[in-house]
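This report refers to the structure that appears directly beneath it.
The values are calculated or read from the model by the stated rules, or taken from the named source; none is laboratory data. Computed from a prediction, not measured in an experiment: that's the story for all the values here. Don't worry about glycine lacking a Cβ; one is built from the backbone with ideal geometry, like all the others, and counts go over all protein chains shown.
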Amino acid sequence: MTTVGHAEGPDSPVAWGTTDPADRLEQALNRIAFALDRRHEAVAPAPDLQTLAANIDALIARVRDVLGPDDDVDGMEEG
């Protein structure tokens, strides 16, 4: 019996009954180690926070220019 999206290889639940538990544990640890190695490769470098803050400030200024003058914008902190 096959399940959609699952292969019937040595790592599949179908083959678990025929494999030694120590082998299954080793295979699982190998998959975890591989995933951890790949995760470090996929991590993007941290953004420059000063540049990000400057871009956000510029965006806020552009949105305020588009919206036009409004007295309530400065009083938003007071609730």
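Values for this structure:
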{"item": "Matching entry among PRO21, PRO13 (being modelled with pLDDT under 60 and exposed (fewer than 11 other Cβ atoms within 10 Å of the Cβ))", "result": "PRO13"}
{"item": "Neighbours by Cβ (under 9 Å, 6+ apart or cross-chain): first from segment 59-73, modelled with pLDDT under 85; second surrounded by 10 or more Cβ atoms within 10 Å (Cβ to Cβ)", "result": "ASP70/ARG64; VAL73/ARG64"}
